[in-house]
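Data block below; observations after.
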Amino acid sequence: MASKGLQDLKQQVEATAQEAATAAGAAAQQVVDQAAAAGQKAMDQVAKSTQETIDKTANQASESFSGFGKKLGLLK
C-alpha cells in the first residue's frame, strides 16, 4: 500500500511540475511578445521621427534655395 501512495504522490508531483513548466513557458512567451511589440513601436517612432526630420530639412532647404534664387532675381 505504501508503494501505491508513493506512486500517486509521484504522479501528483510530476503533474504539478508540468503545469508549472507550462505556465512559466506561457509567461515567458508573453514577455517576449510584449518586448517585440514595444520594440516595433519604438522602431515605428524612430522611423516617423526620422521622416519628419527629413521632411523639415527638405522644406528648409527648399525655402533657402527659393530665397537665394529670389535674391539673385532667378525666381519671383
(message) If I compute Rg/Rh (Cα atoms, Kirkwood Rh) from the structure I just sent, which labelled value in (i) 1.03; (ii) 1.21; (iii) 1.75 lines up?
(response) (iii)
(message) Can you give the FRET efficiency to the nearest 0.05 for Lys48 and Glu19, using r as the Cβ-Cβ distance and R₀ = 30 Å?
(response) 0.10
(request) Using only Cα atoms, tell me the angle between helix 2-72 and the longest principal axis of the chain; keep it within 0 to 90° and round to the nearest 10. (result) 0
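Quick note: the coordinates plus some simple rules give every number you see, no bench work behind them. Predicted model, so just to flag it, every value in this text is computed and none were measured. Reconstructed Cβ throughout: ideal geometry from the backbone, glycine too, with neighbour counts over all protein chains shown.
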